[in-house]
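Enquirer: The structure that follows is given in the form of structure tokens.
The values are calculated or read from the model by the stated rules, or taken from the named source; none is laboratory data. Predicted model, so just to flag it, every value in this text is computed and none were measured. Every residue, glycine among them, receives a Cβ derived from its backbone with ideal geometry; neighbour counts consider all protein chains shown.
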Amino acid sequence: MYKVLPKTDLPKLIGRWMEQATVYAPVRQGDFTKFEPLSDPAQADLYYAANTRYPPKSLFLPQSEVMFRVKDGEFESTEDEVSSRVILGIHSCDTRALQLLDGVFLTGDYQDPYWAKKREQTTLVVLGCADPCETCFCTSVGSGPFDKRGADVMLIDIGDEYVADVRNEKGQALFGHLPDASRKQIDKSRQVQAAAAAGMKKPFETEGIKDKLYSLFDSDFWPKIQQSCLGCGACTFLCPTCYCFDIVDEAQRNERVRNWDTCMFRIYSQEASGHNPRPTNTERVRQRIMHKYAYFVELYDEIGCTGCGRCVRYCPVDLDIRQIIRSAQAWEES
Ligand code: SF4
Ligand code: SF4
């Protein structure tokens, strides 16, 4: 179902959603944007820069999350402390990341109730990328700037209006009352989508990457590419598909808390005996890359990277995952 929304009507529509739900959208913070709950529809900044600096995964896996607390000798779970939410302006790469993480948090017997509840309570209004930035590479990892998988609604900017591709009941609840898009508007939205994908850089080759990386496990490739890495962890904390966490009991607060962690830190893999199976940057950089392009493929049959480009943009020493994959594909042991 295709609906049409004049851009000038968006604030009014957001205001309507805000009466029933918490609405998150990119909000300007200095020289970047971040998903924040809106107190005024005018705060939504859908077009500043290419993507938010922080991915919206923190709305589902907070950087620090109380799992339960003990009150008067009783356990009090926090998993129900989330009500109806709308995320407006999320891009396809971050929506795909949530789908990939569903594989981690909602698989078989391992259902994470905190993740499940937030996913259930959230409607995703995706804004397709008409003008992907130079560091984006979604088309190299099986996706694209208008990938609709996981979207409840996909907005396509056709100038003065959005065409809203309403994908399911959740989307219909937000957009169902709007007028239908005309044939001309739908055709224009298709042209915008085709032009965006065509304008992206030529995708790099990921065919056979899992086996290639396994074959390089003990090679000289990793010591060579890790040389400039500072082990700062920025690439993992800003990555929409990284999900490592640690669980601690905060005794003074009577709370059990899970906090983001990262395989790029030396202490992450250190065992109680003092032994560390990933003692240097070589093993840690290898772990990060292999997790996304080999282990994730092995487990879920998907590349665990959505090509959002954040690790490329924000690595302080310009370690570029696209170049690492290209180099791995070309590497021959001497
Ligand atoms: S952001 Fe760059 S320097 Fe920091 S850990 Fe990641 S690859 Fe290394
Ligand atoms: S590895 Fe880099 S490009 Fe891929 S999803 Fe994570 S931050 Fe984005």
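Enquirer: Assuming T282 fulfils every condition listed in (1) among the polar types (S, T, N, Q); (2) out of contact with any Pro (no Cβ under 8 Å at 6 or more places or on another chain); (3) within 16 Å of ligand 1 (Cβ to nearest atom) apart from one, which condition is it?
Expert: (2)
Enquirer: Let me ask another. Do we have L155 as aliphatic (A, V, I, L, M), touching a Gly at 6+ places or on another chain (Cβ under 7 Å) and not assigned by TED's automatic domain parsing to the domain that holds T306 here?
Expert: The answer is yes for L155.
Enquirer: Please find, among T236, T262, T306, the residue that is more than 13 Å from ligand 1 (Cβ to nearest atom), crowded, with 18+ Cβ neighbours inside 10 Å, of a type in the set (S, T, N, Q) and outside the structural domain of E79 (by TED's automatic domain parsing).
Expert: From the options T236, T262, T306, the qualifying one is T306.
Enquirer: Enumerate the pairs (first residue in the stretch 223-238 and polar (S, T, N, Q); second residue anywhere and more than 6 Å from ligand 1 (Cβ to nearest atom) and not in a loop (DSSP other than H, G, I, E, B)) with beta-carbon separation below 7 Å, excluding pairs fewer than 6 apart on the same chain, so at least 6 apart or on different chains.
Expert: Qualifying pairs under 7 Å: Q226/N281; Q226/T282; Q226/V285; T236/R288.
Enquirer: Restricting attention to the stretch 213-233, report how many residues are within 16 Å of ligand 1 (Cβ to nearest atom), assigned to a loop (DSSP other than H, G, I, E, B) and at negative phi.
Expert: Of the residues in that region, 6 qualify.
Enquirer: Tell me yes or no: at least one residue of the stretch 282-298 is in contact (Cβ under 8 Å) with a residue 12 or more places away in the chain and among the polar types (S, T, N, Q).
Expert: Yes, the stretch 282-298 contains a residue that is in contact (Cβ under 8 Å) with a residue 12 or more places away in the chain and among the polar types (S, T, N, Q).
Enquirer: Further, regarding this structure: Condition test on L106, is it aliphatic (A, V, I, L, M) and either touching a Cys at 6+ places or on another chain (Cβ under 9 Å) or buried (at least 20 other Cβ atoms within 10 Å of the Cβ) (or both)?
Expert: Taking the combined requirement at face value, the residue does not satisfy it.
Enquirer: Continuing with the same structure: Among (1) assigned to a loop (DSSP other than H, G, I, E, B); (2) within 16 Å of ligand 2 (Cβ to nearest atom), where does E332 come up short?
Expert: Of everything listed in (1) assigned to a loop (DSSP other than H, G, I, E, B); (2) within 16 Å of ligand 2 (Cβ to nearest atom), E332 misses just condition (2).
Enquirer: Filter the stretch 309-325 down to the residues that are of a type in the set (A, V, I, L, M, F, W, C) and touching a helix residue (DSSP H, G or I) at 6+ places or on another chain (Cβ under 6 Å), then identify the one that is surrounded by the most Cβ atoms within 10 Å (Cβ to Cβ).
Expert: Across the stretch 309-325, the extreme among qualifying residues is C311.
To keep it simple, each residue is scored yes or no on (1) modelled with pLDDT under 95; (2) not in a strand (DSSP E or B).
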| site | (1), (2) |
| --- | --- |
| A25 | no, no |
| A50 | yes, yes |
| S58 | no, yes |
| E76 | yes, no |
| D80 | yes, yes |
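Enquirer: All but one of (1) touching an Asp or Glu at 6+ places or on another chain (Cβ under 6 Å); (2) assigned to a helix (DSSP H, G or I); (3) under 16 Å from V4 (Cβ atoms) hold for Q172; which doesn't?
Expert: (1)
Enquirer: Where residues in the stretch 78-101 are farther than 15 Å from G150 by Cβ and out of contact with any helix residue (DSSP H, G or I) (no Cβ under 8 Å at 6 or more places or on another chain), which of them is surrounded by the most Cβ atoms within 10 Å (Cβ to Cβ)?
Expert: Ranking the candidates gives S84 first.
Enquirer: Do the conditions hold for T8, that is, is it over 21 Å from the mean Cα position of the chain (by Cα), outside any strand (DSSP E or B), over 21 Å from K117 (Cα atoms) and β-branched (V, I, T)?
Expert: yes
Enquirer: Same structure again: Out of (1) away from ligand 2 (no atom under 16 Å from the Cβ); (2) modelled with pLDDT of 95 or more, the odd one out for A251 is which?
Expert: Just one mismatch for A251, condition (2).
Enquirer: Can you pull out every residue in the stretch 61-119 that is without any contact (Cβ under 8 Å) to a residue 40 or more places away in the chain and of a type in the set (S, T, N, Q)?
Expert: Answer for the stretch 61-119, where residues must be without any contact (Cβ under 8 Å) to a residue 40 or more places away in the chain and of a type in the set (S, T, N, Q): S77, T78, T107, Q111.
Enquirer: Any residue in the stretch 246-259 that is outside any strand (DSSP E or B) sitting within a Cβ distance under 7 Å of a residue that is of a type outside the set (D, E, K, R)? List the pairs, counting only those 6 or more apart or interchain.
Expert: Close Cβ pairs (under 7 Å, with a partner that is of a type outside the set (D, E, K, R)) amount to N254/V70.
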